[in-house]
Amino acid sequence: QAKADGRGSYACYAREMDQLAHDNMQLHTHLKEAIAQNRLQLHYQPQVNVVTGKIVGAEALLRWFDPLLGSIPPARFIPVAEATGLILPLSAWVLETACQQIAAWTQAGTPLCVAVNFSAQQFRQADLSVKISQILARTGAQAQWLDIEVTESMAMEQPEQARAQLEALVAMGCRVALDDFGTGYSSLAYLKMLPIHKLKIDKSFMDGIPSDASDAAISRAIIALAKSLGMELIAEGVETDAQLAFLRQYGCQTYQGWLFAKAMAASDLSAMLRAESGSMPH
Ligand code: C2E
Ligand code: MG
Ligand code: MG
Ligand code: MG
């Protein structure tokens with residue numbers, strides 16, 4: 001009986017693995033096609049000053065709607081892109097598109113800081129900073145408006161390489177944000193060693209605020225840490241007024257979350273920026 005159960009669940013597991021491999025292959029095929037046909041979109045989620053309520057930046061987030069498969073979240077297709085090598089052409093497209101948008105917002109008189117998510121494989125490209133300076137030159141974007149988002153695991157995997165890459169980008173004028181802070185394995189010694197300008201407090205800590213005492217304590221500790229290291233703070237995943245009040249109370253400068261807005265098309269954010277700056281739409 002036990003043996004039969006064991007075999008049964010193994011067969012079931014094997015079938016699930018086959019299914020998963022098949023799904024990923026199908027996803028890979030569709031993603032490759034979507035990239036080739038330029039069917040992916042880059043949306044922008046505002047980053048807002050907690051005191052003034054003004055938009056101070058935006059994070060660029062990939063969106064993919066496939067006519068056959070429907071809407072596929074980045075958490076599903078980024079890992080497939082990373083496993084199949086598609087991440088490099090995809091990331092190049094993201095950077096180019098974000099820089100075009102930076103240039104467009106600068107020209108429109110509503111310049112905005114845009115944060116782009118980086119993948120570990122991009123950091124293994126020896127000519128990364130050359131590629132980025134070419135994109136900046138081609139699009140007319142100024143480096144001061146481009147934020148590079150990296151995660152702790154990316155930074156800690158190969159700290160020396162990460163440091164060299166980041167320093168080259170910082171020398172060009174970009175700034176660096178550490179994403180999902182508090183969820184990875186970061187060594188505080190490396191944190192000091194790397195050129196990091198901003199810490200992003202992960203959404204998982206925001207989720208428990210204000211009711212969960214340990215989430216609140218961790219968030220306060222991250223805010224204190226960033227302040228003593230002279231870094232800016234961005235809280236991710238802010239959904240409620242109570243969370244915003246907490247951030248104000250403890251001196252976190254910036255937040256990003258559905259309370260203000262979800263990621264949106266560039267044209268929608270342009271309209272918000274124009275409304276804020278008080279100029280007439282054109
Ligand atoms: P991330 O960089 O940590 O991005 C923040 C995620 O939190 C986004 O999910 C955003 O839509 C979501 N979010 C923001 N505010 C709220 C909120 O108030 N409530 C909730 N429930 N969610 C909120 P998204 O767009 O699904 O992206 C997921 C992850 O995919 C990103 O996490 C990032 O790691 C990755 N990703 C997205 N775009 C790119 C890209 O262009 N390149 C790379 N390498 N990764 C990307
Ligand atoms: Mg991010
Ligand atoms: Mg994040
Ligand atoms: Mg995240």
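The values are calculated or read from the model by the stated rules, or taken from the named source; none is laboratory data. In this text, all values refer to a predicted model and were calculated from it rather than measured experimentally. Cβ sites come from the backbone with ideal geometry, for glycine too, and all protein chains shown count toward neighbours. The area values use the complete protein model at the heavy-atom level, side chains included, leaving out ligands, DNA and RNA. Shrake-Rupley method; radii C 1.70, N 1.55, O 1.52, S 1.80 Å.
Taking first residues from region 168-197 that are under 19 Å from SER119 (Cα atoms) and partners that are surrounded by fewer than 19 Cβ atoms within 10 Å (Cβ to Cβ) and of a type in the set (Phe, Trp, Tyr), no Cβ contact under 9 Å between residues at least 6 apart in sequence or on separate chains turns up.
GLN100 satisfies every condition listed in (1) of a type in the set (S, T, N, Q); (2) open to solvent by less than 60 Å² (accessible area, probe 1.4 Å); (3) modelled with pLDDT of 95 or more except (2). Counting the residues of region 184-221 that are more than 16 Å from ligand 1 (Cβ to nearest atom) and of a type in the set (A, V, I, L, M, F, W, C) gives 10.
Scanning region 96-136 for residues that are within 16 Å of ligand 4 (Cβ to nearest atom) and not aliphatic (A, V, I, L, M) turns up ASN117, PHE118, SER119. The set of residues in region 70-79 that are modelled with pLDDT of 95 or more and away from ligand 4 (no atom under 16 Å from the Cβ) comprises SER71, ILE72. Scanning region 111-161 for residues that are touching a Ser or Thr at 6+ places or on another chain (Cβ under 8 Å), within 15 Å of ligand 1 (Cβ to nearest atom) and not in a helix (DSSP H, G or I) returns PHE118, SER119. Of all residues in region 195-221, those satisfying the criterion of being away from ligand 2 (no atom under 16 Å from the Cβ), in a helix (DSSP H, G or I) and not basic (Lys, Arg) are ASP207, ALA213, SER214, ASP215, ALA216, ALA217, ILE218, SER219, ALA221. Checking each residue in region 35-50 for being open to solvent by less than 50 Å² (accessible area, probe 1.4 Å), of a type outside the set (Ser, Thr, Tyr) and at pLDDT 95 or above picks out LEU40, LEU42, HIS43, GLN45, PRO46, GLN47, VAL48, ASN49, VAL50.
Annotation note: Cβ proximity below 7 Å between a residue of region 258-272 that is more than 8 Å from HIS43 (Cβ to Cβ) and a residue that is part of a loop (DSSP other than H, G, I, E, B) (sequence gap 6+ or interchain) occurs for TRP258/GLU239; LEU259/VAL238; LEU259/GLU239; LEU259/THR240; SER270/ALA108; ALA271/PRO281.
Here region 182-231 is the region considered, the condition is being more than 17 Å from SER153 (Cβ to Cβ) and charged (D, E, K, R), and the residue that is most open to solvent (accessible area, probe 1.4 Å) is LYS192. For residues in region 117-147 being closer than 16 Å to LEU88 by Cβ and aliphatic (A, V, I, L, M), which is surrounded by the fewest Cβ atoms within 10 Å (Cβ to Cβ)? Per the criteria, the residue is ALA126. Would a scan of region 6-25 turn up a residue that is open to solvent by less than 70 Å² (accessible area, probe 1.4 Å) and either in a strand (DSSP E or B) or of a type in the set (Val, Ile, Thr) (or both)? Looking for residues that are open to solvent by less than 70 Å² (accessible area, probe 1.4 Å) and either in a strand (DSSP E or B) or of a type in the set (Val, Ile, Thr) (or both), one finds none in region 6-25, hence no. From the list LYS200, LYS192, the lone residue that is within 14 Å of ligand 3 (Cβ to nearest atom), basic (Lys, Arg) and farther than 20 Å from GLN122 by Cα is LYS200.
Taking region 40-110 as the region of interest, the strands (runs of 3 or more DSSP E) fully inside it that hold 1 or more residues being in contact with a His (Cβ under 7 Å, 6 or more places away or on another chain) and within 11 Å of ligand 1 (Cβ to nearest atom) are 55-66.
Of the conditions (1) within 30 Å of GLN41 (Cβ to Cβ); (2) outside any helix (DSSP H, G or I); (3) touching a residue at least 24 places away in the same chain (Cβ under 8 Å), GLU276 clears all except one; give me its number. Of (1) within 30 Å of GLN41 (Cβ to Cβ); (2) outside any helix (DSSP H, G or I); (3) touching a residue at least 24 places away in the same chain (Cβ under 8 Å), only one is false for GLU276: (2).
Considering region 159-181, the residues that are within 19 Å of THR254 (Cβ to Cβ) and open to solvent by less than 40 Å² (accessible area, probe 1.4 Å) include one that is nearest to ligand 4 (Cβ to nearest atom), namely ASP179.
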